[in-house]
Each structure stands twice: as structure tokens, then as C-alpha cells.
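Below: one structure, written as C-alpha cells.
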Amino acid sequence: NFKVGDRVGVGCMVDSCRECEQCVKGEEQYCHKQLHSTYNCCIKDPSKIFIKNSEQGELLFGGYSTFITVTESFVVHIPDSIPLEVAAPLLCAGITSYSPLVQFGKYAQQIRPNHQLHVGVAGFGGLGDMAVKIAKKMGYHVTVLSSSPRKKEAALKCGADAFVVSSDPQQTKLHQKSLDLIIDTISADHSISRLLTKFLKIDGILCLVGLPSSDIQIAPFDIVGGRRMLVGSSIGGIRETQEMLDFCGKNNVFPDVELINAKDVNHKIHLLSTNSSDVRRFVIRVKETLSVVNPNDKNWKVEDEPEIKISNWKVHPSAVIHPASANVHVGVNYNPVKKVSQESRQQQQKQGINKLQLLAHLAITGVALYAFSQIRKSK
């Protein structure tokens, strides 16, 4: 499917079992058996290990890798109309927004044929930005729901037809029960019930794509009372990802990005965490970064950000670190997400998240870390 010189991309996954029902249907992101993510993943199957770089198998570091080898089944073509630096976040935020708009947009349209769908986008960050742009090009009427009034101008500039400050009673009343579908991109804890009951029409659909850290709570009548649907969506399969790229290339749907060198990633993550930047996607200049540093030079490192305090990080109890020696939380005011027994706490202190892995995880909500280049002949 590819030849030397092609412009290609690798998204959020590099392999799956390729045999289960979902893989056969082209929805590898929901593989039942063996999904391998591009980052935060360890390949343990000896037949699939390319380079064994740990005692557990092959650790995958995504955009922090100096090179990547992937089976062609998990590589996509980047259309010539898409600059490589904006192709990066399309393979994360782009497909995460595109997939539910296609899947549940079709369903909502069946409920209300011959009707322009009114789509709400809850949250206006990296995912929300892409959801607005894609939904508009699909022909939907788009309303942004946000707790931040200062994002109104940017949302309307992206193409939104309306902007609602979700905490404002008057604005909420004006747009009450006006939406057929809501794409919820919010990653912070928030009221799902409010979105369901205040903004959705009868038979409306609320789709979660943001990932709050806490469990969500809703009352049964929030759904039953309006015959509403609460659903979720991950990324898309390889076929749908290629479809998304072709759609965005044809319709000039691109994210706003700022190119940075790898050493600055901590500073940019801090900006994102404080909402003090209008840029919603930072893309690492991999080529330029590698041209000015020796990857084997242990004196070179990502610059520290004074406002990022490792001791304040909360690590999920199920997180596992490979190798264990990289656990930055050992002996550092470890704060588990939930209160647990002393025995469980001791077990959790043997676990954690590698600093680089955590940065890669944060890429989902703000920093695109995927490396793209032309295919070159290996020596």
C-alpha cells in the first residue's frame, strides 16, 4: 500500500489481534484481545517484539521515539493538502471527534430525517476545537457549551453558530432542550446530568469522549425522563482514520498548532493545564530536535517547569510502570486517587507512571507527540 517517498502517519495504535470480531469489522480500537497503543504500551508477545528494550518486552514511547517500525496495516496516507504538522493532532483529536460525529450523527439523523441536526460541543479545548470544525463541514448547526466566557470569540471564529456559557441560567434557558447530539469533550469533573436534562431534546444523544478522572453520577430519570441516550466513543479504526484524513484534506479542516522543540514540552503542558494559552495543540519538531541534540547525550534533557510539582501528581491505582526503577513516585509524597488499605497502598507505591509516559498521556488532551515523515529507504 505504500512506496518510498509517501507521506504517512501513525496514530494512536500500532497493532491488534486482527482476528476478533471488532478487528475484522475494521474497528481495531475496540480489539477484544490484544490492542497495542503507540505509547503507554508494552508488547509482550515474542512474535511481535521488534526490539526487546525491557525485561517485560518492548516498551512503546510514541512521539518520544527516535524511529518507529509499524506493520503497514496500521499506517495511513497523509493527503498532500494536509501539512505534516497539523496531520499529527488530526490522528488523535481529529479522529476522536470525527468518529462519534459520523456514528451517532447518522443515528440522530434517522430519528429526525429531513432536519438539520443541532450538535452541541461541550468544552472548547483541543478536542472541542476539532469537533466544532468537523461538525460544521458536515453541515450541522453547532453550539459550543463552555464554562469560560472568554472562549466565545475563538469558538465563533472556528465556525460555531452559537456559544453558551453553561453556568449562566439565562443562556441555559434560551437554549434549553435544543440539541440532538452533544459531543462531551470535557476532561475535568463536571455535571453530566446538567448536559442531559438541560440541553438535549427528547431522543437526544450525549456522547462522552473526554475522560474525567472521577466516576460520573446521573439519576436514572435523567435518561428515562427524556428517552435520552448516554454513549461513549474512543478513537476510530484505521479505515475510519483514513476516511477522516481524506475528509479534512478535502475540506481544509485543520487544527491550530504551535511548533515547539522537545525541551519545551513541560512548559507547554503547564500552559495547557492553566488555560493560559490560546493555542490548543503543540506539536514537537522531531527533526529539528534531533538535529541539535544527540539522543544518547545524557546531559540533554527536557527542561523542568517550576510549576509542575511531581509530588502533587495523583497516580491511578491501576497504573503500572515499566521498568520499576523509573518510578518517580517512590519516596515522594505519593497521593493515591482513592483511599485504600495500608496493604493496597504499599502495593501501589511499587507502581506509578513513568514521567515520559505521563507526558505522553497528557498528549491526548493537549500535546500532539506523533512523529511523521516521508518513508525512506533503510541503509
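The values are calculated or read from the model by the stated rules, or taken from the named source; none is laboratory data. Nothing here was measured: the structure is a model prediction, and the numbers come from that model. Please note: Cβ atoms are built from the backbone with ideal geometry, for glycine as well, and neighbour counts cover all protein chains shown. In case anyone asks, the SASA skips ligands and DNA or RNA and just uses the protein heavy atoms, side chains included. Shrake-Rupley method; radii C 1.70, N 1.55, O 1.52, S 1.80 Å.
Can you tell me which residue in segment 205-222 is farthest from Gly11 (Cα to Cα), limited to those that are open to solvent by 50 Å² or more (accessible area, probe 1.4 Å) and of a type outside the set (S, T, N, Q)? Per the criteria, the residue is Phe221.
For segment 203-224, filtered to residues that are touching a helix residue (DSSP H, G or I) at 6+ places or on another chain (Cβ under 8 Å), of a type in the set (A, V, I, L, M) and part of a loop (DSSP other than H, G, I, E, B), the residue that is farthest from Ala93 (Cα to Cα) is Ala219.
Residues in segment 223-277 that are within 19 Å of the chain's Cα centre (by Cα), open to solvent by 50 Å² or more (accessible area, probe 1.4 Å) and more than 19 Å from Cys12 (Cα to Cα): Asp256, Glu258, Leu259, Leu271, Ser273, Thr274, Asn275.
Candidates are the residues of segment 280-299 that are outside any helix (DSSP H, G or I) and either open to solvent by 90 Å² or more (accessible area, probe 1.4 Å) or modelled with pLDDT of 75 or more (or both); the one that is nearest to Phe61 (Cα to Cα) is Ile284.
Would you mind telling me which numbered condition in (1) of a type in the set (Ser, Thr, Tyr); (2) in a loop (DSSP other than H, G, I, E, B); (3) touching a residue at least 40 places away in the same chain (Cβ under 8 Å) Ser73 fails? So the condition that Ser73 fails would be (2). Is it true that Val142 is at negative phi, within 17 Å of the chain's Cα centre (by Cα), without any contact (Cβ under 8 Å) to a residue 40 or more places away in the chain and open to solvent by less than 50 Å² (accessible area, probe 1.4 Å)? In short, no. No other residue among Leu174, Leu127, Leu156 is in contact (Cβ under 8 Å) with a residue 24 or more places away in the chain and not small (Gly, Ala, Ser) apart from Leu127. When the residues of segment 24-56 are filtered to those that are under 21 Å from Glu243 (Cα atoms) and of a type in the set (Asp, Glu), the one that is least open to solvent (accessible area, probe 1.4 Å) is Glu28.
Among the residues in segment 195-202, are any in contact with a helix residue (DSSP H, G or I) (Cβ under 8 Å, 6 or more places away or on another chain) and either among the aromatic types (Phe, Trp, Tyr) or modelled with pLDDT of 95 or more (or both)? For segment 195-202, residues in contact with a helix residue (DSSP H, G or I) (Cβ under 8 Å, 6 or more places away or on another chain) and either among the aromatic types (Phe, Trp, Tyr) or modelled with pLDDT of 95 or more (or both): present.
When the residues of segment 62-87 are filtered to those that are among the hydroxyl-bearing types (Ser, Thr, Tyr) and out of contact with any Asp or Glu (no Cβ under 9 Å at 6 or more places or on another chain), the one that is least open to solvent (accessible area, probe 1.4 Å) is Ser65. The C-beta contact set for segment 211-235 (first residue within 22 Å of Gln29 (Cα to Cα), second residue at pLDDT below 90 and among the charged types (D, E, K, R), distance under 8 angstrom, 6+ apart or interchain) comprises Pro212/Asp189; Ser213/Asp189; Ser213/Lys314. Here segment 178-190 is the region considered, the condition is being touching a Ser or Thr at 6+ places or on another chain (Cβ under 7 Å) and part of a strand (DSSP E or B), and the residue that is surrounded by the fewest Cβ atoms within 10 Å (Cβ to Cβ) is Leu179.
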